[in-house]
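Student: Let me begin by handing over the structure; questions about it come next.
The values are calculated or read from the model by the stated rules, or taken from the named source; none is laboratory data. Because the structure is a prediction, the values reported are computed rather than measured. Ideal geometry is used to build each Cβ from the backbone, glycine not excepted, and the neighbour counts take in all protein chains shown.
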Amino acid sequence: MKVCVFGVASITGRALGFHVLTEAGAVIWRLPIHALCHHPDATPRPLDWLQFWDCFSYEVSCTVFDRLADSRVRVQLRDRSWVGGQYMFTLDWYGQPDAEEAGDGGHKCARMIALDDGNFAAQPNNRIQWLCPAFVTPFAEKPDYLTNTAVWKVERETETTSGYFYNDVHETTDSSQVQLYVKGLRVDAGKGTGGSSDDEKKS
């Protein structure tokens, strides 16, 4: 049946649900990705082969990245076989700890791919090889990359400088400009963690 897919639903802990309008005039809500194909002779695939992770949040963004638009890719399925395809868009989750904290498995998004076998797939980065003749030299064996499980922050419980224009901390020789906050108490340079001066300690 020919349909027009016009929306997607993300429910935490469930597979993606796609909203479609049929050529007969019916709207069908939340079809799983293995109910859709872009070729009538598509090879049937199990749902968990086409979508690798359940949704991480009710909040999801949809982006077509210019650098990746129209890129050819290879996707590795659960049986370790590779299937060619073409990038469509990216679904990225937010608004929930599972979506925003890296965890042991790292950050996850879903790259929507139109597979050459007629199916659609929603796959994470570590299941995709990107092909771009002008830039990429495709790997023959998968590189031994480590998953990025870190959450990076630049703001800590410190003041780097009291200068109005936030002078680089490496440019100042006045150590008194660096002040730490320990358990909510300001501790000036030259004083102990309890806030008492050296003279007070000696007495």
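Student: Among the numbered criteria (1) among the polar types (S, T, N, Q); (2) closer than 14 Å to residue 114 by Cα; (3) within 14 Å of the chain's Cα centre (by Cα); (4) assigned to a loop (DSSP other than H, G, I, E, B), which single criterion is violated by residue 90?
Tutor: (4)
Student: Return the residues of the range 95-112 that are crowded, with 18+ Cβ neighbours inside 10 Å and farther than 20 Å from residue 146 by Cα; say none if nothing qualifies.
Tutor: Once the filter is applied, which keeps residues that are crowded, with 18+ Cβ neighbours inside 10 Å and farther than 20 Å from residue 146 by Cα, the range 95-112 yields only 112.
Student: Looking only at the range 41-75, filter to residues that are part of a strand (DSSP E or B) and basic (Lys, Arg); which one of those is farthest from residue 11 (Cα to Cα)? Steps first, answer last, please.
Tutor: Taking the range 41-75 as the starting set, the residues that turn out to be part of a strand (DSSP E or B) are 51, 59-63, 72-75.
Subset that is basic (Lys, Arg): 72, 74.
Numbers: 72: 29, 74: 28 Å.
Among those that are part of a strand (DSSP E or B) and basic (Lys, Arg), it is 72.
Student: When you go through (1) exposed (fewer than 15 other Cβ atoms within 10 Å of the Cβ); (2) of a type outside the set (A, V, I, L, M, F, W, C); (3) part of a strand (DSSP E or B) one by one for residue 25, which number turns out not to apply?
Tutor: All conditions are met except number (3).
Student: Here's a follow-up. If residue 92 satisfies all but one of (1) in contact (Cβ under 8 Å) with a residue 60 or more places away in the chain; (2) of a type in the set (D, E, K, R); (3) buried (at least 17 other Cβ atoms within 10 Å of the Cβ), what's the number of the condition it fails?
Tutor: Only one criterion in (1) in contact (Cβ under 8 Å) with a residue 60 or more places away in the chain; (2) of a type in the set (D, E, K, R); (3) buried (at least 17 other Cβ atoms within 10 Å of the Cβ) is unmet by residue 92, namely (1).
Student: What pairs come up if the first residue lies in the range 1-27 and is in contact (Cβ under 8 Å) with a residue 60 or more places away in the chain, the second is loosely packed, with under 10 Cβ neighbours inside 10 Å and part of a strand (DSSP E or B), and their beta carbons are under 9 Å apart, counting only those six or more places apart or on different chains?
Tutor: none
Student: Moving to a separate point now. Could you tell me whether any residue of the range 65-75 is touching a strand residue (DSSP E or B) at 6+ places or on another chain (Cβ under 8 Å), exposed (fewer than 12 other Cβ atoms within 10 Å of the Cβ), modelled with pLDDT under 95 and more than 28 Å from residue 98 (Cα to Cα)?
Tutor: yes
Student: Could you grab me the full set of residues in the range 28-56 that are closer than 21 Å to residue 99 by Cβ, surrounded by 14 or more Cβ atoms within 10 Å (Cβ to Cβ), among the charged types (D, E, K, R) and touching a residue at least 24 places away in the same chain (Cβ under 8 Å)?
Tutor: The one that is closer than 21 Å to residue 99 by Cβ, surrounded by 14 or more Cβ atoms within 10 Å (Cβ to Cβ), among the charged types (D, E, K, R) and touching a residue at least 24 places away in the same chain (Cβ under 8 Å): 54.
Student: Any idea how many residues of the range 113-154 are exposed (fewer than 12 other Cβ atoms within 10 Å of the Cβ), at pLDDT 85 or above and either among the polar types (S, T, N, Q) or within 30 Å of residue 35 (Cβ to Cβ) (or both)?
Tutor: The qualifying residues number 1.
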